[in-house]
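Sharing a structure here in structure tokens format.
The values are calculated or read from the model by the stated rules, or taken from the named source; none is laboratory data. Note that the structure is predicted; figures quoted are calculated from it, not measured. Here the Cβ positions follow ideal geometry from the backbone for every residue, glycine too, while neighbour counts run over all protein chains shown. With ligands, DNA and RNA removed, areas are computed over all heavy atoms of the protein, side chains included. Shrake-Rupley method; radii C 1.70, N 1.55, O 1.52, S 1.80 Å.
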Amino acid sequence: MTHQALENQLFLTLNGERVCLKGVSPSMTLLQYLQQSRRTGTKEGCGDGDCGACTVAIVGRNPDGQACYQAVNSCLIPIGAIAGREIVTVEGIANGKLHPVQAAMVEAGGSQCGYCTPGFIMSLFSAYYDGRVDDFSVEGNLCRCTGYIPIRKAAQNVTNAQPADQFSERLGQSALDLSSVAYSNQTQQFYRPTQLSEALELLQQYPEATLVAGGTDLGLEMSHHRRSFPILISLEGIQELQHIEQDSNRLTIGAAVPLHTIETTLKGVFPSLDEMLHWFAARQVRNRATIGGNIGTASPIGDLPPVLLALDAELTIANLAETRTIPLSDFFKGYRQTDLKPGEIIVSISIPKSIHGVKRLSQSYKIGKRGTDDISIVAAAFVIDVDQNNTIVHTRLGYGGVAATPIRAIEVENLLIGQPWTIETIQQVKPALRESFTPLTDFRGSAAYRKLLVANLLEKFFVEMEELS
């Protein structure tokens, strides 16, 4: 196949104005570009996607396929991924007078030093056109001096009526342009193919290339560590990786589906997945992060792998020659090491809906320093199926933060099979569970603390399930 000729310019729409970028590094972050082009309203706080000071709005699609404004962390998005997109920053929302969310912030006294305020404003702006302004609209924004009461009051004072202004009109006219991109600035290359076969051919041609989808993990390397990547291949424009399909037996999620779409579309299908997504970072991150990316990074503290391990998920993986399916439990080989071979891409994740007994008990837990938007100390997910005699017939115990990879407690799973679902059974296996892993001690928690959590979370699970029954 002949690939699209490399261009030396990128186009985007910024605050309603079409902008042409020539010769820029495709791995420059959107925030870096905004600052270098003197659009300094957007701030940099942490550079990690944690504080929300860099929040801007981009035009995307909601789970129903309609155009919407999405709050995102500009510090984590490579400028190449913004090609053809429409971005709104804090400089672009006042039209001769304050935007309603700005006016609400002023009236409530929600700004003191003002450094974090643009990020709060852009989060509220995005929620305003979604008709859902509430406290959770700013869950990914931190304030260090004003205090949150006036900011919450500002959010509460914003009317959730359907606005009719220039921004809502632009949504109606917006076409989300995720067309093919092939860009080079002589030293770096950026590709955004629109078909899986194109991505696989590019990966075969450039085996050293780095794949990027939402970019929330890779963005840390660009923003915080100022790393440059010679060749980037974006998977964001490939519709084959964006589907969600389910029937009575199985759920299949495309690897490039954003977490916010999963959170919204699949609510209620798997309670343990719902629970973990609620605590997964903040809305700005969930708007961009993908399920395939969270798995593919192979982080031992990734939030979703423990849940997917407990649910017996499988991965479909493709290269140019073939497609294969493997259990997720066989995917993680070591610290940041996976079963992916050169030239392969994760295509989808599938989860069976089958229940081995008459009743399924399932839940997930994340223990961290903060409630949301934090790295877990220990993450755990449990699935227990019991028969009519209250005997355990199937069990999966998935953990993160206790080994070099996300991992199951297989020996303890086997101990539970055939045992009655009682507190006595749980107490009997807790010592074995504490010794199942050899976690590290770091600034988040000691190895001893993590071992206690591993066992005590299973007891917490039992108590909660009994309270619900």
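Working only within the stretch 258-277, note down all residues that are closer than 16 Å to residue 353 by Cα, open to solvent by 30 Å² or more (accessible area, probe 1.4 Å) and touching a helix residue (DSSP H, G or I) at 6+ places or on another chain (Cβ under 9 Å).
Residues satisfying the conditions are 267, 268, 274.
In the stretch 454-469, which residues are in a helix (DSSP H, G or I), of a type in the set (Gly, Ala, Ser) and more than 16 Å from residue 439 (Cβ to Cβ)?
Scanning the stretch 454-469 gives no hits.
Would the stretch 384-391 turn up any residue that is within 27 Å of the chain's Cα centre (by Cα) and open to solvent by less than 40 Å² (accessible area, probe 1.4 Å)?
Yes, the stretch 384-391 contains at least one residue that is within 27 Å of the chain's Cα centre (by Cα) and open to solvent by less than 40 Å² (accessible area, probe 1.4 Å).
Could I ask something else about it? In the stretch 219-230, is there at least one residue being modelled with pLDDT of 95 or more and surrounded by fewer than 24 Cβ atoms within 10 Å (Cβ to Cβ)?
no
May I ask you to verify whether residue 247 is of a type outside the set (Val, Ile, Thr) and open to solvent by less than 20 Å² (accessible area, probe 1.4 Å)?
For residue 247, the condition - of a type outside the set (Val, Ile, Thr) and open to solvent by less than 20 Å² (accessible area, probe 1.4 Å) - is not met.
More than 29 Å from the chain's Cα centre (by Cα) and not acidic (Asp, Glu) - does that describe any residue in the stretch 113-136?
yes
Among the residues of the stretch 103-128, which ones are surrounded by 23 or more Cβ atoms within 10 Å (Cβ to Cβ) and part of a loop (DSSP other than H, G, I, E, B)?
Scanning the stretch 103-128 gives 110, 116.
Can you tell me which residue among 405, 372, 441 is more than 25 Å from residue 246 (Cβ to Cβ) and in contact with a Pro (Cβ under 6 Å, 6 or more places away or on another chain)?
Criteria check complete, one pass: 405.
Just to verify a result, which residue in the stretch 440-459, among those that are modelled with pLDDT under 95 and under 14 Å from residue 379 (Cβ atoms), is nearest to the chain's Cα centre (by Cα)?
Within the stretch 440-459, the match that is nearest to the chain's Cα centre (by Cα) is 444.
Exactly one condition in (1) modelled with pLDDT of 95 or more; (2) closer than 22 Å to residue 373 by Cβ; (3) open to solvent by 20 Å² or more (accessible area, probe 1.4 Å) is false for residue 50; which is it?
The one condition residue 50 does not meet is (1).
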